[in-house]
Every structure is written in structure tokens, then in C-alpha cells.
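> Dumping the structure here so I can ask a few things about it.
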Amino acid sequence: MTGQLRDSDKTQLEQWINQGPKNFTLLFRATSDGCSSQIFHQKCDYQGATITVAYNQQGSVFGGYTSASWAASVASHIRDDRAFLFQLKYSGSDTRRKFPVSKTAYSIYSHASFGPIFGQNDMYLFQQTIQNIGGVFSMDGTCAFGVCYTMTGVTSWNDIHNGDMKATDIEVYSVAAKPPEPNTNQKWRKVPEWNKKSVQELIQEALSIKPNPCLKIQDYRIVLIGPVGSGKSSFCNTINSVFRGRITQRAICGEETHSITTAYKPYSIKSNRESKLNIRLCDTRGLETDLGMDIMEFAYLLNGHIPEKYKFNAEQPIAIDDAVFITKPGLQDKIHCVVFVLDASNLHKLDSKIMDKIKSFRKAATRIEIPQAVLLTKIDIEEKALAQKYETVYSNSSIEKKVIQVSEMLGFPKNHVFPVKNYENEVMLDDGVNLLALLALRQILYFAEDYMENQSSDNEDFPVKDHDFEAGSESI
């Protein structure tokens, strides 16, 4: 049920009430509910602050506000220091006046036999039941001028209701404090300032993160795992583009039914100043319901038994007796962080078999204490409002919900899930895209660094050495 009160009227009433934004909820409407004191009290008693609005045949609109509750059982006057009468229209023209209460002990009168009464009949509209005849309610009350309310700006009630007590409608609204609007700029995750300086600082920080020399390895090995079309290869290109200072495409990308990437292919990353990032970002074949890596092949990959550039065979996974199988992998061959890549716009369509496969992979990595993260790609497709406004990603509630959804689906802490936008249509770099990629990469490098620190701690009393396949397999 909606009333006739306009937004401009509500704004004016909010200013007169002077207690901040309000919600106006229609409680009673004579044309819909019937003009009856009994119905009025049924719908309006004990509702807190209310406004009563009368509309007459002449196009005049007037009424009263009280912060006190109506209550039929009181049968007496009720004090309200904040009560006032008002005028919104006169003969169809906007005419806005406020008439404050002057005798607060008589602010309103509440009785079961009467509708709303303000003052000592200062505004008394009806009692018992008034019939609607020809769209008009002939009010049997009266309006005494200036008894308990200060009527500044008018000389009589005729200047308010034209001397016409025939109402086309009477409405009563509850008036409640409006909850504060959500702060759309409130970030759900603290991130650096969104500018070129932050991009350069993140690039320099990423370049500075290196494995502990005592481990005798050069790079962190990061593997990307995800369904076909999720954006693994595009992320490799995006990271390479950020550091090269131009759009690159070292990894072949596209839209196909089956995975375009068919090999285990690590990418080294160099900056445009020839500085090298201490990382090997490893692309893999996309996961499919009945094709791609199975849990055993993934275990081999984690433990370093699969050589670089190995071409995955969808029908025949790698085996121990395969000629290229690395039987004695070193720490440099093993995976130091697993990154699952998921399409944010396609989570609801993700095949349950693929989801089960991802969960089994996560368990396998967790069992041998390899850290993991999630990249949520294609956020600009999931939330089109983000296009060219990537600085709003970490204050966007839809993206936050996706992060929470993935966290709950896979059992990840929320701060292990990172929204990113890969370079796909662009031919020039964008600071927003760069920052999202760098924020994710920095944390992935931190995770790999933590893993290496654990390896260093485990080997404080023993030299780092290669171990045979059987020892590695036992930890799967």
C-alpha cells in the first residue's frame, strides 16, 4: 500500500522533525481501510512517532506530527514537546509552514472513540466512522485556531484548509529513523593507495623477494590449476605484461571446448629493465570432467616428478616407468605454492566433478603443507560496473560475496582469495589491472616464501639434499 505523500514532502518533514533521515511507512489510509476511529487505533497505536496527513477537495494538504505513540486505552491528553502541525499545500500550490506546539501538556489527545486529535481540538478530524460518499469523507470534527499550537503565518484555519472539512483522504505514516546508507567506499580489505606509485612499489617489492640462499635454489615455483577457460594462461600473460611494461602474450590463450594449454610450461618473468623476478609461473592443462590431470598426476607434479614442458596426455597419465619421469627431484623441481584459478562469472555453472577434483587437489597439497591461493578472474564480467573502475574492486559488495563464496566452497581463508582482471581486450596497460595482479602476486610470493622458510627450518641440522621418489610419494 502506497500513499500520496511526495518525496519532497517527506524531505520537508524530515527537516522540520530535525532528527536525520526518516523512513515513512503508511499505516492507515481512509480510502483503503475505511475512515473509522477503531481501525485507526488498530493500525496506528503503539507505533511510535507518526504523521497524520489530510487531503481536501480544494487541493490543500495539512496535518500533524507527534513523536508520542497513539494509544486508545489512554483516553487523555499526552505530552509531546516535539509535536507540530503543518501545511504542505494550499489550493493545489506548495505552501509549506510548520506550527509548533505551545502547550506541550495538551500536544495530542488519544481516545478509542476518536481519530487523531492534536491539542485541545486544534486539529480534530473525526470520531467513530465516517462514510465515503462520492469519494469524499465529510469530517465531523473541528479545528480550533491557536489554542495549543502557534499558528505563525496564517490568520485562521481557512488559510490552511479553505474552510473545507471534506477530505478526499486521510493518511497516517509511522516515522522511524532511516538506517545509514552502506558506505560504498568502505573497503572490505585494506589495500595500498590506487596510483602509479603503488604499482612501482609493488613491482620493486616483488623483484626483491628471493629464496633463502642456503636452500640453493633460484626461483619459487608456482603452479596454476583451474578449469578450461578460467584464465590461467591469461594470468601468466598479465604478470609478464606488468613487468615488461607492455601487453605481451607468451602463453597462447583463447576460447575452446578443450584446453589450449597442453603442457606443463613454466614462465620466467623479466622486467623492462632486465631485472628478473625470482619465480617460475607454471601453466598447466585446464581441468575437465573426464580429461586433464588426475589426483596421482597432480601428486607427481607437486613433488617435482614431472619435468618442465611435459605434454599432458589426456588418455595416458605419466607413470613411474615413463622415460621423462624425474625419480629424484630436488627442491627446485617441487611446487612451492599452488594457485587455483576460477572464473568469478561462472562459479554457479562449475561442474561438480571439476569442483570435486579441485577439492581433492587441495587436500593433496595441504597434506604435504604446500600453501595455496585462489585467483578470481573475469571480475569485470561478473560485475560490469567495475569496467574501468578497478579501484572499486575492494569496496564492491558483489565481489566480496564471490570471495566469501569461494572461501566457503573450498575451505580457504578469505585472505587467500584474490580478485583479478587479466589483460584480454586491452592493447595498453592499466594501473588498476596492474595493481590487482600485483596484489595477488605479492601474497602468492609471501606464501611461497613461508613454505621455503619451513623447508629451511626443517633442514637446520641437515643439508638440503635430493630424495628419491619413494620418500616423496609417502608424503602424498
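> Radius of gyration and Dmax for the chain's Cα atoms, expressed in Å?
Cα radius of gyration and Dmax of the chain are 35.8, 105 Å respectively.
> On the first, second and third principal axes, largest extent first, how far apart are the outermost C-alpha atoms of region 156-214 in Å?
That gives 95, 23, 18 Å along the principal axes, largest extent first.
> May I ask you to work out the translational diffusion coefficient for region 222-305 at 20 °C, viscosity 1.002 mPa s, via Stokes-Einstein with Rh from the Kirkwood sum over Cα pairs, reported in whole µm²/s?
Values: Rh = 13.6 Å.
Result for D is 158 µm²/s.
> In cubic angstrom, how much convex hull volume per residue do the alpha carbon atoms of region 191-245 span? Kindly include the intermediate steps, with their values, before the conclusion.
Working: hull volume 7.0 nm³, N = 55.
Once divided by residue count, the hull of region 191-245 is 128 Å³.
> A further question follows. Efficiency by 1/(1 + (r/R0)^6): what FRET value for M428 and K311, r their Cβ-Cβ distance, R0 = 41 Å, to the nearest 0.05?
On the way: r = 34 Å, r/R0 = 0.83.
It comes to 0.75.
> For region 310-357, what percent of Cα pairs sit more than 16 Å apart?
Working: 738 of 1128 pairs.
The share of Cα pairs beyond 16 Å in region 310-357 comes to 65 percent.
> Between helix 352-367 and the chain, what is the angle of the helix's C-alpha long axis to the longest principal axis, kept within 0 to 90° and rounded to the nearest 10?
Result, in degrees: 60.
> Using a basic spin-label model with each label point 7 Å from the Cα along Cα→Cβ, how many nm lie between I368 and A176?
It is 5.8 nm.
> Given the pairs K276/K421; K187/K357; K210/K309; K357/K389; K363/K389, which are separated by over 29 angstrom at their Cα positions? Walk me through the numbers on the way to the answer.
Values: K276/K421 23 Å; K187/K357 33 Å; K210/K309 24 Å; K357/K389 34 Å; K363/K389 36 Å.
The pairs that break the limit, which is 29 Å between Cα atoms, are K187/K357; K357/K389; K363/K389.
> Calculated FRET efficiency, K389 and K270, Cβ-Cβ r, R0 25 Å, to nearest 0.05? Spell out each step's value before the answer.
Details: r = 31 Å, r/R0 = 1.22.
The pair K389/K270 has a calculated efficiency of 0.25.
> List the trypsin sites (Lys or Arg not before Pro) within region 64-134 that DSSP assigns to loop and that have no more than 13 neighbouring Cβ atoms inside 10 Å. Could the numbers behind the result be given before it?
Values: sites: R79, R82, K89, R96, R97, K98, K103; in loops: R79, R82, K103.
Loop-located and lightly packed - R79.
> Can you compute the radius of gyration and Dmax for region 36-185, using only the Cα atoms, both in Å?
Just the Cα atoms of region 36-185 yield Rg and Dmax of 15.5, 54 Å.
> DSSP loop trypsin sites (Lys or Arg not before Pro) in region 320-404 with at most 12 other Cβ atoms within 10 Å of their Cβ, which ones?
Details: sites: K334, K349, K353, K357, K359, R362, K363, R367, K378, K384, K389, K401, K402; in loops: K334, K378, K389.
The qualifying sites are K389.
> Search the structure for amide H atoms under 5 Å from the amide H of F418, placed 1.01 Å from N in the peptide plane, and list their residues when 5 or more places away or on another chain.
Hits under the 5 Å cutoff: V374, L375, L376.
> Do the alpha carbons of any pairs in K22/K401; K359/K401; K311/K402; K22/K384; K22/K98; K311/K359 sit beyond 22 Å of each other, and which pairs?
K22/K401; K311/K402; K22/K384; K311/K359
> Given a 1.4 angstrom probe, what's the average accessible area per residue across the chain, in square angstrom?
Working: 22030 Å² over 476 residues.
Heavy-atom SASA per residue in the chain reads 46 Å².
> Turning to a different aspect of this structure: Rounded, prolate or oblate: which fits region 131-187 when a ≥ b ≥ c are the square roots of the eigenvalues of the alpha-carbon gyration tensor, with rounded for a/c under 1.5 and prolate only if a/b beats b/c?
On the way: a/c = 3.63, a/b = 1.82, b/c = 1.99.
It is oblate, given that a/c is not under 1.5 and a/b is not larger than b/c.
> Can I ask one more? Quick one: of the DSSP bridges fully inside the chain, what percent are antiparallel, nearest 5?
Numbers: 54 of 73 bridges.
Given both bridge residues lie in the chain, the antiparallel proportion sits at roughly 75 percent.
> Work out how much length Y446 to T155 would gain on full extension: take 0.36 nm times their residue separation and subtract the Cα-Cα distance, in nm to one decimal. Mind dumping the intermediate values first?
Working: separation 291, 0.36 × 291 = 104.76 nm, distance 7.75 nm.
Fully extending the segment from Y446 to T155 adds 97.0 nm.
> Then there is this: Taking a temperature of 4 °C and a viscosity of 1.567 mPa s, what whole-number D in µm²/s does Stokes-Einstein yield for region 303-449 with Rh from Kirkwood over alpha carbon pairs?
Working: Rh = 17.2 Å.
Value of D from the Cα-based Kirkwood radius: 75 µm²/s.
> So what's the angle, to the nearest 10 degrees on a 0 to 90 scale, between helix 7-17 and the longest Cα principal axis of the chain?
So the inclination is approximately 80 degrees.
> Evaluate the distance, in nm, between pseudo-label points positioned 7 Å from the Cα of M355 and of S397 along their respective Cα→Cβ axes.
If labels sit at M355 and S397, their model points lie 2.4 nm apart.
> Could you please state how large a percent of the accessible area of the chain is carbon and sulfur, counting protein chains only and using a 1.4 Å probe?
Values: 10120 of 22030 Å².
Solvent-exposed carbon and sulfur of the chain make up 46 percent of the total.
> Let me ask something additional. In nm, what is the difference between 0.36 nm times the number of residues separating C214 and Q38 and their Cα-Cα distance? Walk me through the numbers on the way to the answer.
Values: separation 176, 0.36 × 176 = 63.36 nm, distance 8.69 nm.
Once the chain is fully extended between C214 and Q38, it gains 54.7 nm.
> Once phi is turned into ³J(HN,Hα) by the Karplus curve 6.51 cos²θ - 1.76 cosθ + 1.60 with θ = phi - 60°, what whole-Hz value does each residue of region 377-384 show in order, with x for glycine and proline?
8, 6, 5, 6, 7, 5, 10, 4
> Can you tell me the FRET efficiency between F145 and Y46 if r is taken as the Cβ-Cβ distance and R0 is 25 Å, rounded to the nearest 0.05?
Numbers: r = 31 Å, r/R0 = 1.22.
Working from the Cβ atoms, E equals 0.25.
> What would the Debye equation give as log₁₀ I(q)/I(0) for region 106-255 at q = 0.18 Å⁻¹, counting only Cα atoms as equal point scatterers?
Summing over Cα pairs of region 106-255 leads to -1.15.
> Express in nm, to one decimal, how much length is gained between R96 and R250 on full extension, taking 0.36 nm for each residue of separation and deducting their alpha carbon distance.
Working: separation 154, 0.36 × 154 = 55.44 nm, distance 6.92 nm.
In short, 48.5 nm is gained.
The values are calculated or read from the model by the stated rules, or taken from the named source; none is laboratory data. Since the model is a prediction, treat every value here as computed from it, not as a measurement. Cβ: placed from backbone, ideal geometry, glycine included. Neighbour counts: every protein chain shown. Side chains included, ligands, DNA and RNA excluded: accessible areas come from the protein's heavy atoms. Shrake-Rupley method; radii C 1.70, N 1.55, O 1.52, S 1.80 Å.
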